[in-house]
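Take a look at the structure below.
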Amino acid sequence: MAADVSERQYVRDLAKRVAEIAGSERNRQRRRRWEDVSARRKPDRFPVWCRPVGAWDEILPKSSLRCADEWLRNVEYRFRQMLIKDEIGDDSVVEPFFALGAVLEVDPPNVWGVEIGRHAATAAGGAWAYDPPIKEWADLERLRLPKYTHNEQATRDAMGRAEELLGEILPPRLVCNPPIGATLCSPATDLRGMTPLMMDLIESPEQVHRLMAYLRDAALGAIEQVEAAGLAMPQPSWPMEISEPPSGRAGDPTSFAGAWVHGNSQEFDQVSPAMWEEFLLAYQKPIFERFGAVSYGCCENLTNKIDRVLTIPNLRIFTCSAWTDLDAVIEKVGTKHVIMWRQKATDVVFPDSAETLRADLGAGLKKLQGHHVQIVLRELQTLAGHPDRLHVWTRLAIEAAEKYA
């Protein structure tokens, strides 16, 4: 019992530090930058954000956590990540509440009616491989449309536990994002496999259309089920989507029309613009239409697909990856949309000297001057022996953002 009391007090102390950041002037300034850029207003400078992803294993190894209780351990990890990001100094925004997801149950329990398989990596840090359940097209008949229901008792229990621990520090707030996203290419490759799906686009186009229509309908059905339950209370997943309400229905638990949605086409990176539009974008658009603002793109090269991306309804953010031609994006996107300028993680973490970072940031932001820009570094898997690299990159990115504001 003593250890449990000690752990609870430790987490509460972390929460107080998080709450102090949430109420600080610098946090308000960070939020204002994202809101200004999203609204296509001129901010004091471009906002800067990094996402460590796999590098968290180096920054905050699980062995460093103090709590033994599983739930407290997860909360500890979440709070310590926030504190580290604040110390790194990017424009991570800390909310003055503890977001808690509504507990949804799905039938079938595996979502699709078939089990997604993967071959595990054979070495630490290695890559997994697809083991898709749709081996033959006859396997499409095994797919089922998922049905989502709200487990109200489990949600009440979770809210009660959070309220008892954190209520007067960071009041818990119920949130519920759509359980199936708009990036339909990811579940498509999970179900069919990457190489088979690429071949299918040529050899079995009608079957691919069946698969993509099923995934579209599953996503739309999940949206409708959450809305019908009065649970459409999304929490932006990333600072890039922090904005003023994108429509008059923001906060309406019966509609996602006032919310953000993200989609991308990473698995279709090498697919021609025409085939990408036919087999993916056409199925994503009905999902995008249900939301007030859309962010599109991730690490894929969209250079030859810019014109078609710009036809997306409610598009707010165009993601320019390190493989997308920045000049082409500037020319075609202009100031109508926000440009999320993504940095290449390997170019950031591997150089021994930070001078190349300074030069690359300056060259890009000089071109982007006068546009609506977010500077984003994501998908880091390692710091490559440079434990202070995120601090350095953040400082240099902010300096360049201020210079070209």
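Tally up the residues in region 17-50 that are in contact with a Leu (Cβ under 9 Å, 6 or more places away or on another chain) and either within 17 Å of residue 97 (Cα to Cα) or not hydrophobic (A, V, I, L, M, F, W, C) (or both), please.
Just the residues of region 17-50 that are in contact with a Leu (Cβ under 9 Å, 6 or more places away or on another chain), to begin with: 17-19, 21-22, 46, 48-50.
Among the residues that remain, those that are also either within 17 Å of residue 97 (Cα to Cα) or not hydrophobic (A, V, I, L, M, F, W, C) (or both) are: 17-19, 21-22.
Residues that pass the stated criteria total 5.
Taking the options 363, 345, 359, name whichever one is touching a residue at least 24 places away in the same chain (Cβ under 8 Å) and either closer than 26 Å to residue 260 by Cβ or among the aliphatic types (A, V, I, L, M) (or both). First the steps, then the outcome.
Values: 363 fails: touching a residue at least 24 places away in the same chain (Cβ under 8 Å); 359 fails: touching a residue at least 24 places away in the same chain (Cβ under 8 Å).
It is 345.
Looking at region 368-384, I want the residues that are on the phi > 0 side of the Ramachandran plot and have a partner that is in a loop (DSSP other than H, G, I, E, B) and surrounded by fewer than 21 Cβ atoms within 10 Å (Cβ to Cβ) with Cβ atoms under 6 Å, at least 6 apart or on another chain. Which pairs are those?
If the second residue must be in a loop (DSSP other than H, G, I, E, B) and surrounded by fewer than 21 Cβ atoms within 10 Å (Cβ to Cβ), the pairs left are 384/350.
Residues checked against (1) touching a Pro at 6+ places or on another chain (Cβ under 9 Å); (2) under 30 Å from residue 299 (Cβ atoms); (3) assigned to a helix (DSSP H, G or I); (4) not charged (D, E, K, R):
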| residue | (1), (2), (3), (4) |
| --- | --- |
| 155 | no, no, yes, yes |
| 159 | yes, no, yes, yes |
| 168 | no, no, no, no |
| 188 | no, yes, yes, yes |
| 200 | no, yes, yes, no |
| 207 | no, yes, yes, yes |
| 237 | no, yes, no, yes |
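Would you check if there is a residue in region 127-135 being in contact with a helix residue (DSSP H, G or I) (Cβ under 9 Å, 6 or more places away or on another chain), modelled with pLDDT of 95 or more and of a type in the set (Lys, Arg)?
Yes: one or more hits.
From the set of residues in region 201-218 that are of a type in the set (Asp, Glu) and without any contact (Cβ under 8 Å) to a residue 12 or more places away in the chain, which is most open to solvent (accessible area, probe 1.4 Å)? Don't jump to the end; show me each part of the working.
Step one: filter region 201-218 for residues of a type in the set (Asp, Glu), giving 203, 206, 217.
Next, only the ones that are without any contact (Cβ under 8 Å) to a residue 12 or more places away in the chain stay: 203, 206.
Numbers: 203: 124, 206: 146 Å².
Ranking the qualifying residues of region 201-218, first place goes to 206.
So if I check each of 92, 6, 24, which one is out of contact with any strand residue (DSSP E or B) (no Cβ under 8 Å at 6 or more places or on another chain), among the hydroxyl-bearing types (Ser, Thr, Tyr), under 21 Å from residue 166 (Cβ atoms) and open to solvent by less than 40 Å² (accessible area, probe 1.4 Å)?
Working: 92 fails: out of contact with any strand residue (DSSP E or B) (no Cβ under 8 Å at 6 or more places or on another chain); 6 fails: open to solvent by less than 40 Å² (accessible area, probe 1.4 Å).
On inspection, the qualifying residue turns out to be 24.
Just the residues that are closer than 24 Å to residue 318 by Cα, touching a Pro at 6+ places or on another chain (Cβ under 7 Å) and buried (at least 20 other Cβ atoms within 10 Å of the Cβ), please, taken from region 220-235. It would help to see each step written out before you state the result.
First, pick out the residues of region 220-235 that are closer than 24 Å to residue 318 by Cα: 220, 223, 234-235.
In the following step, the residues that additionally are touching a Pro at 6+ places or on another chain (Cβ under 7 Å) were identified as 220, 223.
Passing the criteria: only 223.
Could you check, for region 54-74, whether at least one of its residues is of a type outside the set (Ser, Thr, Tyr), under 30 Å from residue 371 (Cβ atoms), open to solvent by less than 40 Å² (accessible area, probe 1.4 Å) and under 22 Å from the mean Cα position of the chain (by Cα)?
So in region 54-74, the residues of a type outside the set (Ser, Thr, Tyr) come out as 54-62, 65-74.
Now drop any that are not under 30 Å from residue 371 (Cβ atoms), which leaves 55.
In the following step, the residues that additionally are open to solvent by less than 40 Å² (accessible area, probe 1.4 Å) were identified as 55.
When the remaining residues are screened for being under 22 Å from the mean Cα position of the chain (by Cα), the result is 55.
Among the residues of region 54-74, at least one is of a type outside the set (Ser, Thr, Tyr), under 30 Å from residue 371 (Cβ atoms), open to solvent by less than 40 Å² (accessible area, probe 1.4 Å) and under 22 Å from the mean Cα position of the chain (by Cα), which makes the answer yes.
Counting only residues that are within 17 Å of the chain's Cα centre (by Cα) and under 23 Å from residue 32 (Cα atoms), which one in region 366-385 is most open to solvent (accessible area, probe 1.4 Å)?
Step one: of region 366-385, the residues within 17 Å of the chain's Cα centre (by Cα) are 374-381.
Retained after the next criterion (residues that are under 23 Å from residue 32 (Cα atoms)): 374-378.
Values: 374: 1, 375: 0, 376: 0, 377: 0, 378: 26 Å².
Filtering region 366-385 for residues that are within 17 Å of the chain's Cα centre (by Cα) and under 23 Å from residue 32 (Cα atoms), the one most open to solvent (accessible area, probe 1.4 Å) comes out as 378.
Within region 241-253, is even one residue aliphatic (A, V, I, L, M), more than 23 Å from residue 336 (Cβ to Cβ) and open to solvent by 30 Å² or more (accessible area, probe 1.4 Å)?
Applying the first criterion (aliphatic (A, V, I, L, M)) to region 241-253 yields 242, 250.
Applying the additional criterion that residues be more than 23 Å from residue 336 (Cβ to Cβ) yields none.
Looking for residues that are aliphatic (A, V, I, L, M), more than 23 Å from residue 336 (Cβ to Cβ) and open to solvent by 30 Å² or more (accessible area, probe 1.4 Å), one finds none in region 241-253, hence no.
Could you identify the single residue in 279, 318, 291 that is of a type outside the set (Lys, Arg) and in contact (Cβ under 8 Å) with a residue 60 or more places away in the chain?
On the way: 318 fails: in contact (Cβ under 8 Å) with a residue 60 or more places away in the chain; 291 fails: in contact (Cβ under 8 Å) with a residue 60 or more places away in the chain.
279 is the lone residue from the list that is of a type outside the set (Lys, Arg) and in contact (Cβ under 8 Å) with a residue 60 or more places away in the chain.
With the condition kept exactly as written, say whether any residue in region 111-120 is open to solvent by 40 Å² or more (accessible area, probe 1.4 Å) and under 30 Å from residue 36 (Cα atoms). Break it down stepwise before answering.
Narrowing region 111-120 to residues open to solvent by 40 Å² or more (accessible area, probe 1.4 Å): 115-116, 118-120.
Narrowing the set further to residues that are under 30 Å from residue 36 (Cα atoms) leaves none.
No.
Considering only residues of region 175-200 that are buried (at least 19 other Cβ atoms within 10 Å of the Cβ) and aliphatic (A, V, I, L, M), which is nearest to residue 143 (Cα to Cα)?
Looking at residues that are buried (at least 19 other Cβ atoms within 10 Å of the Cβ) and aliphatic (A, V, I, L, M), I get 191.
The values are calculated or read from the model by the stated rules, or taken from the named source; none is laboratory data. Not measured: the values here are computed from a predicted model. Here the Cβ is made from the backbone with ideal geometry for all residues, glycine too, and neighbour counts use every protein chain on show. The protein model used for the area step is the full one, side chains on, heavy atoms only, and it has no ligands, DNA or RNA in it. Shrake-Rupley method; radii C 1.70, N 1.55, O 1.52, S 1.80 Å.
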